[in-house]
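Single-structure report; data block below.
Nothing in this text is a laboratory measurement; each read-out follows from the coordinates by a stated rule. All values reported here derive from a predicted model rather than from experimental measurement. Cβ: placed from backbone, ideal geometry, glycine included. Neighbour counts: every protein chain shown.
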Ligand SMILES: Cc1cc2nc3c(=O)[nH]c(=O)nc-3n(C[C@H](O)[C@H](O)[C@H](O)COP(=O)(O)OP(=O)(O)OC[C@H]3O[C@@H](n4cnc5c(N)ncnc54)[C@H](O)[C@@H]3O)c2cc1C
C-alpha cells in the first residue's frame with residue numbers, strides 16, 4: 001500500500017486501493033469569479049423570489065411554484081448544465097454542483113427546480129436525438145417547458161424494472177399506445193413534458209418515451225399531502241391509450257432501464273450538493289438564533305453544549321462538501337477525456353457522471369444523513385421555537401427527510417456502494433481482491449505504525465491507508481465465508497458500505513485541508529486542521545464499530561478475535577482534545593454569525 005501509485009483521475013471505487021495527491025483534487029476554496037457569480041445569482045433568486053413566497057407555495061399552490069420555476073428559467077438558471085447550442089450555458093460539472101448546492105437552500109423550490117433541471121430535462125439532453133433535443137431541450141433549458149421523470153409505479157419503487165406500464169406499436173406503425181400509471185411524480189401538477197418508462201409488448205426491460213402532458217389520455221391526480229416539501233407538486237399520472245409518436249421513443253427499445261439508472265446516478269450526485277446548501281442554511285439559522293437568544297443571563301451561543309452542536313454541524317457539512325467537489329472534478333476530467341475521444345457532448349457527460357456510481361451512492365447517503373443530523377440539531381438549538389411552524393428550521397426539518405427516500409433509498413444506495421465497487425473490481429478496473437488477499441495474509445503486521453519524524457499530513461495519510469486496509473480485510477473475510485451469498489447478507493454489506501463511505505469522505509477532508517494549506521499557508525489553516533483532527537478521530541470510531549459488527553457477524557472463535565484485534569489496530573488514531581478543537585470552530589462561526597469556512 002505505501003507504494004500506491006498516484007493518478008489524476010481514478011476509476012470509480014479505485015480510491016480504495018490508491019492514494020490521491022492533494023494537488024489533484026478540486027476544493028471549494030478554488031472557485032473562480034465566474035463560478036462565484038453564478039452562485040450569487042442563485043442565492044439572489046432565493047432571497048428575492050423564493051423565500052418571500054415560501055409560505056404560500058407550501059400551501060400547495062401549483063401555479064405559484066410553476067411561475068417561480070419559469071422566472072428562474074428566464075434568468076438562465078435552468079440552462080447551467082445545458083450546452084449553448086440548446087439554449088444553455090454549458091458549465092462544467094463543478095459549476096453545476098455549486099449551483100445545485102446554492103439552490104439546495106431553497107426548500108421545496110429546490111426539489112421542483114432540481115427535478116426539472118435534472119431528471120426532467122437531462123434524459124432528453126443525454127439520450128435524445130438532435131430533433132428531440134431541438135424540440136424539447138431548447139425549451140426546457142429556458143423554462144418555457146417544465147419537465148418531469150416518471151419511473152415509480154405502485155408496484156415498482158426500489159425495484160424500478162418491475163413496472164407494468166406498457167407500450168405497443170399502433171397498427172399503422174406511427175405511434176406507441178401507452179397504458180399504465182405512475183406515482184410520486186415530482187412536478188406532475190404542471191410538467192409539460194415527461195420522460196415515461198414503460199415496457200414495449202412483453203419486453204423484460206424498460207424503454208423510455210417523451211410524453212407531452214396534452215397528449216389525449218394523460219391525466220394527473222391532485223397533489224399528495226406530504227410530510228414536507230409541500231410546495232413541490234407530487235402526484236400520480238395515468239396513461240390511458242395515449243398515442244405517443246414513434247419519434248418520441250427516447251434512446252433505443254430496451255434502453256430505458258439504462259437511461260433510468262444513469263439519470264439516477266446523476267440525480268444522486270446533485271442531491272449530494274443540494275443537501276450541503278440546505279445544511280449551510282440550517283447552520284446559519286442556528287448560529288443567528290444562538291447569538292440572539294439569552295438564558296441564565298447569557299447568550300446560548302456561549303454555552304459549551306451549543307458550541308459542540310454548531311461545531312459538529314460545521315464539521316460534517318465541511319466533510320460532505322469536500323467529498324462533493326473532489327468527485328465533481330473527477331467527473332469533469334472523465335467527461336473531457338470522453339469528449340477528446342470523439343464522444344457526443346451529451347453522451348460524454350452522462351457516461352462521465354454515471355461511471356462514478358460508487359461515489360454517487362456515497363454522496364447521496366452521506367449527504368442526506370448529515371443533513372438530517374444538522375437540521376435536527378438546528379431544531380434543538382432553537383428549543384421550543386424550533387418546534388414552531390413560524391421558524392425556518394421547522395420546515396427544514398420536515399423537508400430534509402425525503403432525501404433519504406428518493407433518488408434510490410439509502411438502503412438501496414448502501415448496497416450499491418458495495419455491489420458496484422465489487423463488480424468494477426471483478427471487471428478489472430482495479431485490483432481490490434488481490435490487494436485484499438495480500439492484506440489478509442499479513443494480518444498481524446498490517447497496521448502501519450507511526451514513523452519517525454512523521455509530518456502532520458503523513459500521519460493522517462497513514463490513518464487513511466489503515467482504514468482502507470480495514471475495508472479490504474472485511475471484504476476478503478466476508479467473501480471467504482459467504483462467497484456468492486454475500487448479496488443476501490445485507491447487514492454485513494451495510495457495515496462494509498459505511499466503512500467505504502467514511503473512508504472516502506475522511507480522505508476527501510484530509511486532501512482538502514492539505515490543499516488549503518498549500519494554497520493559503522499553514523498559518524491560515526489552523527481551524528481546518530481542527531476540523532480534520534476531530535473528523536478523523538470520530539471516523540476512526542465509526543469505522544471500527546462497523547468493522548467489528550461485520551467481523552463478529554461472519555467469523556467466530558480465534559479467527560474472530562484475530563480479525564477484531566487487527567481492526568482495533570487499524571482504527572487506532574492519536575487522541576485529540578476535541579472539546580477545544582470544536583470550541584475554536586464554534587467560536588469562528590459564532591463570531592462570523594454565519595457559515596464562512
Ligand atoms: C416526494 C417524493 C417525490 C418523488 N419523486 C419521484 C419522481 O419525480 N419520479 C419518480 O419516478 N419517482 C419519484 N419518487 C419515488 C421514489 O423514488 C420512491 O419512493 C423510492 O424509490 C422508494 O420506492 P418505494 O416508495 O416504492 O419504497 P419501497 O421500494 O417499497 O421500499 C420500502 C422500504 O424497503 C426497503 N427496500 C426495498 N427494497 C429493498 C432491498 N432490495 N433491500 C433492502 N431494502 C429494501 C427500502 O429501502 C425502504 O426502506 C418520489 C417519492 C417521493 C416520496
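Structure above, values below:
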{"item": "Efficiency of FRET from Cβ geometry, residue 584 and residue 75, R₀ 41 Å, rounded to 0.05", "result": "0.55"}
{"item": "Gain on full stretching of the segment that runs from residue 67 to residue 385 - 0.36 nm per residue minus C-alpha separation", "result": "111.3 nm"}
{"item": "Acute angle (nearest 10 degrees) that the helix 557-570 long axis makes with the longest principal axis of the chain, alpha-carbon atoms", "result": "90"}
{"item": "Where N is the number of residues in segment 309-398, Cα Rg divided by 2.2 N^0.38 Å", "result": "1.50"}
{"item": "Value in Å of the Kirkwood radius, where the chain supplies the Cα pairs that are averaged", "result": "25.0"}
{"item": "Mean Cβ neighbour count within 10 Å, used as a protection proxy, ranking 30-37, 63-70 highest first", "result": "63-70, 30-37"}
{"item": "Cα extents of segment 173-324 along the three principal axes, largest first (Å)", "result": "78, 33, 21"}
{"item": "Distance in nm between pseudo-label sites at residue 491 and residue 291 (7 Å out along the Cβ direction from Cα)", "result": "4.7"}
{"item": "Potential lengthening between residue 484 and residue 84 on full extension [0.36 nm per residue; Cα-Cα distance subtracted]", "result": "139.2 nm"}
{"item": "Using alpha-carbon coordinates, inclination of helix 578-592 to the longest axis of the chain, degrees", "result": "50"}
{"item": "Pairs of alpha carbons in segment 489-551 whose separation is greater than 15 Å (percent)", "result": "55"}
{"item": "Base-10 log of normalised Debye intensity for segment 111-216 (one unit scatterer per alpha-carbon) at q = 0.21, 0.24 Å⁻¹", "result": "-1.17, -1.38"}
{"item": "Label-point gap, in nm, between residue 337 and residue 458 - each point 7 angstrom along Cα→Cβ", "result": "3.1"}
{"item": "Inter-label distance for residue 560 and residue 596, nm, one decimal - labels placed 7 Å from Cα along Cα-to-Cβ", "result": "5.4"}
{"item": "FRET efficiency, 1/(1 + (r/R0)^6) with R0 35 Å, evaluated for residue 411 and residue 225 via beta carbons", "result": "0.90"}
{"item": "Rounded to 10°, Cα long-axis angle of helix 410-427 versus longest principal axis of the chain", "result": "80"}
{"item": "Per residue Cα convex hull volume in Å³ - calculated over segment 70-171", "result": "137"}
{"item": "Cβ crowding within 10 Å averaged over residues, with 133-145, 217-229, 73-85, 491-503 ranked highest first", "result": "491-503, 133-145, 73-85, 217-229"}
{"item": "Residue 170-residue 129 FRET efficiency (beta carbon distance; Förster radius 22 Å; 0.05 resolution)", "result": "0.60"}
{"item": "Relative contact order of segment 142-300, pairs being alpha-carbon contacts under 8 Å that are 6 or more residues apart, as %", "result": "22"}
